[in-house]
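The values are calculated or read from the model by the stated rules, or taken from the named source; none is laboratory data. Computed from a predicted model, the values in this text were never measured in an experiment. Every residue, glycine among them, receives a Cβ derived from its backbone with ideal geometry; neighbour counts consider all protein chains shown. Each accessible area value is taken on the protein alone, full model and side chains, heavy atoms only, with ligands, DNA and RNA left out. Shrake-Rupley method; radii C 1.70, N 1.55, O 1.52, S 1.80 Å.
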Amino acid sequence: MLIAGASINQTPLDWAGNTSRIIAAIERAKNERVEMLCLQELVITAYGCDDLLLSDWLSDQAWTELEKIIPHTNDILVCIGLPVRIYDKTYNGVCVVSNREILGITFKQNLALDGIHYEPRWFEPWPQNLVSAITKNNRTIRVGDLVYEWNGIRFGFEICEDAWRKVRPGESLRQRGVDLIINPSASHFALGKSPLREALVTDSSKDFNCAYVYVNVLGNEAGKIIYDGDIIFSHKGRLLRINRRLSFRSYCLLTAIIDFTDHEKSVAEKNNDNKERNEEFAQAVSLALYDYLRKSKVRGFVLSLSGGADSSCCAVLVSEMVRRASAELGWEAFCKSLGIQQIDNLHEAVHELLTCAYQGTTNSSPTTLHAAKELAQSIGAAFHEWKIDEEVKSYTSKIENAIGRKVSWATDDIAMQNIQARTRSPIIWMLANINRAILLTTSNRSEGDVGYATMDGDTSGSLAPIAGIDKPFIMQWLKWAEANLGYSGLSPVNSLQPTAELRPQERTQTDEKDLMPYTILVEIERLAFLLRQPPLEIFKVLSQKHDAALLKGYIRKFFKLWSANQWKRERLAPSFHLDDLNVDPRSWLRFPILSAGYEEELRQLGE
């Protein structure tokens, strides 16, 4: 049987667009003589509809769109994901349609409730082995835990989370003698996660003695979460085919011939797509930036380019977005998708889409100005530079008049640092408004952990593309990008030590001097929030390889700064989820704004 999976880049509430892309995928599959087409989880609505899924009207509209799709299912079987409301409860379903007839709807049995997922807020889990019926538009439709028989094969479904539990629908399906299990998924992207999916699909096909087809969501659906569009075919323990991940296309379709008499064949050899994490990061953020720009319908990005690692990383990622998307889509389609004039040159396109500004003070060094200008020119970005000392002096003098004394570094260190960062904000925001562009903010996850950022200053912006990744990764990625992606303009950036340049240069400010070595910060973060360990247990683990006295100070500082700065993390701009450790309280890690700040736990550490 020739089976296909189609991973489609959908958008919440884009009814006409979502339906048209589904129909386009179906028609292409029919043109390729596909017999069965498997689409992703909640493909009609998009997965990221959040609390809209609690309404009646969203599911009603999804069914209206399904009725538009059904006429296109002649001579093909299509599996279509959508929410279904039954007695004021929403179920996550897959509707099986063949030759314009609905054969049934299978409902998800296990709901994801970890990390970014809050599915029990929106959906009701369907009980195992329960089969019922509903009436829609004068049709009586079987629903629930179903096995389908079609063209001589028996098949059923595991829907995303169903496959990641110890007790799985797959075991029940195996006992009922299925030949094929289909898994429509909305599994978020994380660095290094794809090999886990390949192993899951391959092992599942072996354990359940069947063919297994996995189809994931594609693209930045709704703003924060990236989906890689995995399509994976396996048969009885053998991986048959995987697609090219993280595509910029509106949908990807992959086919495979599965011989259910045990002699599996593949249309082509497996596409070896085991990319290293650096390449995966570049592709994922490029796709996320492209979709964010395309779906928000603005004209480009504006960036305060300091010459440091974080802002330089954001600039290079915009350039990579242009390079990768134009290479895959072609210049005409790329420019049309973003609503810009026809361009067929990388530097010109980056110049059209990215405007950078270096906002210097008396504390800024010539080396960072050189680094910023060199990078902007090398990638083609529009570049401006100006000083903000006059504005800083104006703010400071007003406060001095109000409080009746001079402001000094000896008594007002933090305030004098912050006013510089905050003064930059309204100027760069004005440029973004004039350009009708997205203002990128450059905070990374390590800074977010400890609040090492000025609220309404360097945190200002409407999108934080690297807030989901740690500083050491960014620093090594920039060196990799210089060596492997051809960004020679990164050479000055990569020669600098990270510094905010907010104190006078004779005070020799560096990020790690203010905080701690970034490598240790990342180790503490991982143990604290991925493995959920308290301070004393973290000390026991890390003291095996770090100086104990210094380590105690670092751990104490980390937890005190973490606790005091939750309010900042609540206010950071939307960011992309990039690996399976995230401190964004809106999508991953919730922490109280007010707490005792680990006082008892740090007392135990001191003892």
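Check Q359 against each of (1) open to solvent by less than 70 Å² (accessible area, probe 1.4 Å); (2) farther than 19 Å from Y290 by Cβ; (3) out of contact with any Asp or Glu (no Cβ under 7 Å at 6 or more places or on another chain); (4) part of a helix (DSSP H, G or I) and name the one condition it does not meet.
(4)
Just to be sure, is R294 assigned to a helix (DSSP H, G or I), open to solvent by less than 40 Å² (accessible area, probe 1.4 Å) and of a type in the set (K, R)?
No.
Among S408, S364, which is the only one that is open to solvent by less than 20 Å² (accessible area, probe 1.4 Å), at negative phi and either touching a Lys or Arg at 6+ places or on another chain (Cβ under 9 Å) or without any contact (Cβ under 8 Å) to a residue 24 or more places away in the chain (or both)?
S364
Working carefully through the options P120, P127, find the one that is assigned to a loop (DSSP other than H, G, I, E, B), of a type outside the set (F, W, Y), out of contact with any helix residue (DSSP H, G or I) (no Cβ under 8 Å at 6 or more places or on another chain) and under 18 Å from D88 (Cα atoms).
P127
Where the second residue is open to solvent by 10 Å² or more (accessible area, probe 1.4 Å) and assigned to a loop (DSSP other than H, G, I, E, B) and the first is among the hydroxyl-bearing types (S, T, Y) and lies in the stretch 151-163, which pairs have Cβ atoms under 8 Å and are six or more apart or on separate chains?
Qualifying pairs under 8 Å: none.
Residues that are in contact (Cβ under 8 Å) with a residue 40 or more places away in the chain, open to solvent by less than 20 Å² (accessible area, probe 1.4 Å) and hydroxyl-bearing (S, T, Y): does the stretch 445-453 have at least one?
yes
Kindly indicate whether any position in the stretch 290-298 is in contact with a strand residue (DSSP E or B) (Cβ under 6 Å, 6 or more places away or on another chain), within 21 Å of H384 (Cβ to Cβ) and not aliphatic (A, V, I, L, M).
no
Would you check if V285 is crowded, with 24+ Cβ neighbours inside 10 Å and within 15 Å of the chain's Cα centre (by Cα)?
yes
Six or more apart or on different chains, Cβ atoms under 6 Å: show the pairs whose first residue is in the stretch 107-120 and of a type in the set (D, E) and whose second is surrounded by 20 or more Cβ atoms within 10 Å (Cβ to Cβ) and assigned to a loop (DSSP other than H, G, I, E, B).
Listed pairs, sorted by first residue: E119/L111; E119/A112.
What residue, of L53, L66, L82, L39, is over 26 Å from the mean Cα position of the chain (by Cα), under 22 Å from E158 (Cβ atoms) and of a type in the set (A, V, I, L, M, F, W, C)?
Only one candidate qualifies: L66.
Are there strands (runs of 3 or more DSSP E) fully within the stretch 58-112 with at least 3 residues that are among the hydroxyl-bearing types (S, T, Y)? List them.
89-98
For the stretch 216-252, how many residues meet the condition of being open to solvent by less than 10 Å² (accessible area, probe 1.4 Å), under 12 Å from H577 (Cα atoms) and of a type in the set (A, V, I, L, M, F, W, C)?
Summing the residues that are open to solvent by less than 10 Å² (accessible area, probe 1.4 Å), under 12 Å from H577 (Cα atoms) and of a type in the set (A, V, I, L, M, F, W, C) in the stretch 216-252 gives 1.
Residue pairs, Cβ under 6 Å, 6 or more apart or interchain, first in the stretch 523-546 and closer than 17 Å to E600 by Cβ, second assigned to a helix (DSSP H, G or I) and of a type outside the set (A, V, I, L, M, F, W, C). List them.
That search, which allows pairs on different chains as well, returns P534/E601; P535/E601; L536/Q604.
Which one of these does K166 not meet: (1) under 33 Å from the mean Cα position of the chain (by Cα); (2) within 22 Å of A46 (Cα to Cα); (3) among the charged types (D, E, K, R)?
That leaves (2) as the condition not met.
Could you check V96 against (1) buried (at least 22 other Cβ atoms within 10 Å of the Cβ); (2) among the β-branched types (V, I, T); (3) touching a helix residue (DSSP H, G or I) at 6+ places or on another chain (Cβ under 9 Å); (4) closer than 30 Å to D259 by Cβ and say which number it fails?
The one condition V96 does not meet is (3).
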